[in-house]
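Data block below; observations after.
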Amino acid sequence: MARAQAVRPRRKLTQQPGFWGFLFICPWLFGFLVFTAGPMLTSLYLSFQKYDLVTIKPVGFENYRRLFVDDPLFWKALKNTLFYAIVSVPLGIVSSLAIALLLNQNVRGIKLYRTCFYLPSLVPSVAAALVWQWVFNSDNGILNTILGLVGIPGPQWLQDERATPWAFAIMSLWSVGGARMVIFLAGLQGIPDSYYEAARIDGAGTWRCFRSVTLPMLSPVMFFNLVLGVIGSFQIFTAAFVMTAGGPNNSSLYYALYLFRNAFEYFKLGKASAMAWVLFCILLVLTFLQFRVSRRWVYYEGGDK
């Protein structure tokens, strides 16, 4: 006699494995497809078209060829952006770490100090640009006034093409007390006190503790801020748009500003899309190189990552 096989009852749809997880991420998936993946694929398609909001015509790689061969302003904008990144990113990381070290002290009113240093990062970027436009005023700006008190003639910060790139690098210090400082502060508070105690028992002083304990333990945080800092520096736009509009003599024509002009002033949306994908590739390569180099200097407490 054949043994009757037990028939398993079919599960309801709501009892299927992963049903509720998939249901809850559906809004995110919809937003990602509509507002991220969709526009990215559209811009990739447009980068091979000649598109001016009225007509669209396939041109192959002509937009890319014109960027690299026939457009000197493309290289000027890329050079300006590279200079800004090379100067502002290390300056911002060092300054943010210095402020975090000061705010990591156990003194009275430290929460108030942390709040005061963080507040400037909450100022809207347009308002901050207008404030710095006054700071860099060559006639009665606060920066040239301070330099004049010590006998140093202040330059024409926003009118001299040699001084303008440095003005924007100095302006980048406005946000050193923001997210980077908070991340460094969290990293400092995550270092066990036992490490410092062991170092002091071995005779290490303040500088040796900082160099042999603090910096290695903070290296993952520094790497994180470095990656985000490089990506953010290539996206500088608002300050240049508000303060100088790319001048003088295109000395503050940054990559994002030139991309904006091609898209919404010259209506060369195909060329602007090509610029966007060139920027994507540049940041992808730079991020990859940073990850490769990080193996030599980033220390992870739990082992290599």
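The values are calculated or read from the model by the stated rules, or taken from the named source; none is laboratory data. Not measured: the values here are computed from a predicted model. Cβ sites come from the backbone with ideal geometry, for glycine too, and all protein chains shown count toward neighbours. We work out accessible area using only protein heavy atoms, side chains counted, and drop any ligands, DNA or RNA first. Shrake-Rupley method; radii C 1.70, N 1.55, O 1.52, S 1.80 Å.
See the values below:
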| quantity | calculated |
| --- | --- |
| Accessible area of Trp75 in the full protein assembly, 1.4 Å probe (Å², nearest 10) | 120 |
| Probe 1.4 Å - accessible area at Asp193, Å² to nearest ten | 110 |
| Rounded, prolate or oblate (a/c below 1.5 giving rounded, otherwise prolate when a/b exceeds b/c) for the range 10-142 by Cα gyration tensor | oblate |
| Kyte-Doolittle mean at least -0.5, axial Cα span of 20 Å or more - DSSP H helices of the chain | 72-102, 215-233, 269-294 |
| Computed log₁₀ I(q)/I(0) - Debye formula, equal Cα scatterers, no solvent, the range 187-268, q 0.10, 0.13, 0.18, 0.19 Å⁻¹ | -0.50, -0.61, -0.77, -0.82 |
| Peptides ranked, highest mean first, by Cβ atoms within 10 Å: ranges 234-240, 25-31 | 234-240, 25-31 |
| Chymotrypsin sites (Phe, Trp or Tyr not before Pro) restricted to DSSP loop in the range 249-279 with at most 15 other C-beta within 10 Å | Tyr266, Phe267 |
| Chain lengthening between Asn140 and Thr36 when straightened (0.36 nm per residue, less Cα-Cα) | 32.9 nm |
| Distant alpha-carbon pairs in the range 235-305 (separation over 14 angstrom), percent | 69 |
| Percent breakdown of C-alpha pair distances by 10 Å bin, ordered from the shortest bin, for the chain | 5, 18, 23, 23, 16, 8, 4, 2, 1, 0, 0 |
| Extended-chain gain in nm, criterion 0.36 nm per residue less alpha-carbon gap, Leu101 and Phe22 | 24.1 nm |
| Point-charge dipole on Cβ atoms (K/R +1, D/E -1) for the chain, about Cα centre, debye to 20 | 1360 |
| The range 150-305 - charge dipole about Cα centre, Lys and Arg +1 at Cβ, Asp and Glu -1, debye rounded to 20 | 360 |
| Where the range 179-305 is the region considered: accessible area per residue in Å², 1.4 Å probe | 53 |
| Estimated FRET transfer efficiency when R0 is 51 angstrom, pair Phe61-Glu197 (beta carbons, to 0.05) | 0.25 |
| Inter-label distance for Leu286 and Ile231, nm, one decimal - labels placed 7 Å from Cα along Cα-to-Cβ | 1.2 |
| Accessible carbon and sulfur surface of the chain relative to its total accessible area, %, 1.4 Å | 66 |
